[in-house]
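Undergrad: Handing you this structure, nothing more for now.
Coordinate-derived values only; no laboratory data. Everything numeric here is computed off the predicted structure, so don't read it as measured data. Here the Cβ is made from the backbone with ideal geometry for all residues, glycine too, and neighbour counts use every protein chain on show.
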Amino acid sequence: MSNADSRVPGKVAQEDTEAAILRLAREEPQLGQMAVADRLRQSGLRISPSGVRYIWQKHGLETTVKRLQALVEADEQGEDALTETQRRHLARGELSARLARSASSDLHAGGDDEPLERRRIILNAAAELFADHGYDRTSIRDIARRVGLLPGSVYHYFPSKDELFLSVHREGFERTLERVKNAAASGADPWDCLRRACEVHVEGIVMGSPVDRIAGHNLALTGHTDLLGEIRPQREAYEKVFKELIDALPLAPDADRTLLRLFLLGGMNWVYLWYREGKRTPREIADRMVDMLRTGVGLPVGATRTIQ
């Protein structure tokens with residue numbers, strides 16, 4: 001009898017279950033322990049959610065972030081092997097972990113320093129909640145809970161929700177403004193300059209950090225004219241870049257450049273609402289928008305439409 005045939009049947013089943021758990025950790029790292037247990041039961045392998053967690057802990061995979069990190073380390077492509085959603089989840093998890101370590105270090109050291117990293121994590125959490133739930137339905141308590149702090153600790157960095165909201169938008173505009181300017185400056189001609197700027201704009205809204213993404217949202221939706229007034233200088237500086245890019249385009253004499261700018265910015269700013277990963281990339285979307293502006297979408301006069 002071979003060694004394989006002499007193995008205890010119960011041990012074989014245990015090894016099969018462990019291998020299945022590790023396979024799912026690679027293929028669907030976002031699944032929780034209950035979902036994994038249900039998935040395995042459907043395939044004939046019985047294990048409890050706590051049993052799944054035991055296997056995860058055995059291999060250092062007990063959190064989604066750890067499972068994503070393991071995928072990055074095991075693949076030559078690194079983070080490029082992950083989907084956009086997985087990359088964002090990994091980035092948030094790593095930031096939260098650094099915040100927790102920072103808070104623990106401050107507590108034991110008794111220091112009064114204000115680490116910039118903690119401030120940035122609070123900004124990112126606030127941006128996510130403002131984008132998902134709006135200004136009025138987001139509280140300082142919600143933001144504190146998201147990053148694992150007491151509300152008083154958030155107030156230590158930002159004296160009010162208004163100031164936190166303004167800080168998110170100011171930083172988002174400043175970051176995006178710098179990237180858009182640099183991208184536009186690398187263009188070969190006026191249309192290429194606009195295309196490159198639009199690529200950065202759409203990519204930031206869809207794939208950037210929460211602070212970057214919220215800068216592209218329609219600020220008028222907040223319904224707070226006083227807050228809009230505070231943000232207006234940054235917003236106008238950003239829109240000025242696109243005004244200059246569109247002013248430089250060789251357009252027909254009767255083209256309304258103001259409407260063209262508003263049309264383009266409005267279209268790009270709403271990409272975050274309908275974008276779905278797996279179809280066009282953010283850059284492809286931006287390129288197509290610019291192409292449609294440049295060449296038009298209507299059929300030539302007298303042409304016959306072909307139904308596909």
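Undergrad: Using Cα pairs under 8 angstrom and six or more residues apart, how large is the relative contact order of the range 11-77, in percent?
TA: Averaging sequence separation for qualifying contacts and normalising by length gives 31 percent for the range 11-77.
Undergrad: Please give the length that would be gained between Gln42 and Lys279 if that part of the chain were fully extended, namely 0.36 nm times their separation in residues minus their C-alpha to C-alpha distance (nm, one decimal).
TA: 82.2 nm
Undergrad: If R0 is 35 Å, what FRET efficiency do you get for Ala81 and Leu260 from their C-beta distance, rounded to 0.05?
TA: Once the sixth-power term is evaluated, E becomes 0.35.
Undergrad: Compute the length gained on full extension between Lys181 and Leu228: take 0.36 nm times their separation in residues and subtract their Cα-Cα distance, giving the result in nm to one decimal.
TA: 14.6 nm
Undergrad: Also, quick follow-up: With the crude spin-label approximation of a point 7 Å out along Cα→Cβ, what separation in nm comes out for Ala252 versus Asp192?
TA: With each label placed 7 Å out from Cα toward Cβ, I get 2.7 nm.
Undergrad: Among the aspartates and glutamates, select those whose C-alpha is under 12 Å from the C-alpha of Lys66, and discard any that sit fewer than 8 residues away in the same chain.
TA: The qualifying aspartates and glutamates are Glu94.
Undergrad: Could you pull out the trypsin sites (Lys or Arg not before Pro) across the range 137-174 that fall in loop regions by DSSP (anything but H, G, I, E, B) with no more than 14 other Cβ atoms inside 10 Å?
TA: Filter output for the range 137-174: Arg137.
Undergrad: A further question on this structure: Would you list Leu40, Leu273 from fewest to most Cβ contacts within 10 Å?
TA: Arranged by neighbour count, lowest to highest, Leu40, Leu273 become Leu273, Leu40.
Undergrad: Report, ordered by chain and residue number, the lysines lying within cross-link reach of Lys181, taken as a straight Cα distance under 17 Å and ignoring same-chain residues fewer than 8 apart.
TA: Those lysines meeting the cut-off are Lys240, Lys243.
Undergrad: Provide Cys198, Cys193 in ascending order of the number of other Cβ atoms located within 10 Å of each residue's Cβ, fewest first.
TA: Cys193, Cys198
Undergrad: If you rank Lys279, Lys243, Lys66 by fewest surrounding Cβ atoms within 10 Å, what's the result?
TA: Lys279, Lys243, Lys66
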